[in-house]
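Contents: one structure, followed by commentary.
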Amino acid sequence: MKTILFALALTGFTFSASAQQYKKASLQAAGLTCAMCSNATQKALKTLSFVDKIDTDLNATTFILHFKPGANVNIDQIRQKVEGAGFSVGKLVMTADFNNVKVENDAHIPFAGQTLHFVNVKPQTLSGQKDVTVIDRDFLPSKSFKKYSALTKMNCINTGFMEACCSQEKKGAGNRVYHVTI
């Protein structure tokens, strides 16, 4: 009996260790003009419950957010903290741990309890740590958003929500879709 319990415990550990999740993010903030601006942004980001630690590169106005293992990362909360400090997101690149996830252009893919809509990508299978750039409105300059939004036929890129583009079977009130590219 002890052997079975030990084997089950070990199996459970293996499943949790291979769970798909976000590991870290590289956030470039726009509008920072001084060290006090960077400090205000970093303080705001530190209040996120899923952030373990933050490394900064003041010259590039970039913050590297390291996430707590197994934490549910809320991408919108990252943006809200930056905006709450008085600035905007210039670029957000998420490093995610994929486990044989098949992606293709203009497709919705479930990942880490969220839905990712891949834009401007070739069909491929993602395994291991890969960087994906968030291309939603308010996560990059408007000129770049306009370029990416022209590359999809689905209206969810304009609203950020599933019901804007999908069939009744996939609809659900408030289903947030994050648009990303590789």
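Please calculate the 1.4 Å probe accessible area of His108, with all protein chains present, and give it to the nearest 10 Å².
Its accessible surface works out to 40 Å², give or take rounding.
Sorted by accessible area (1.4 Å probe), largest first, how do Met154, Met94, Met36 line up?
Descending accessible area places them as Met36, Met154, Met94.
Taking Lys24 as the anchor, which aspartates and glutamates have their alpha carbon closer than 13 Å to its alpha carbon, excluding any fewer than eight residues away along the same chain?
Within the straight-line cut-off, Lys24 pairs with Asp52, Asp55, Asp97, Asp131.
Could you check how much of the accessible area of the range 35-133 is carbon and sulfur, as a whole percent, using a 1.4 Å probe?
45 percent
Report the number of Lys pairs in the range 28-120 whose alpha-carbons are under 20 Å apart, with separation of 8 or more residues or on distinct chains.
12
The values are calculated or read from the model by the stated rules, or taken from the named source; none is laboratory data. Please read all numbers here as calculations on a predicted model, not as lab measurements. Just so you know, the surface numbers come from the protein's heavy atoms only, side chains and all, with ligands and any DNA or RNA stripped out. Shrake-Rupley method; radii C 1.70, N 1.55, O 1.52, S 1.80 Å.
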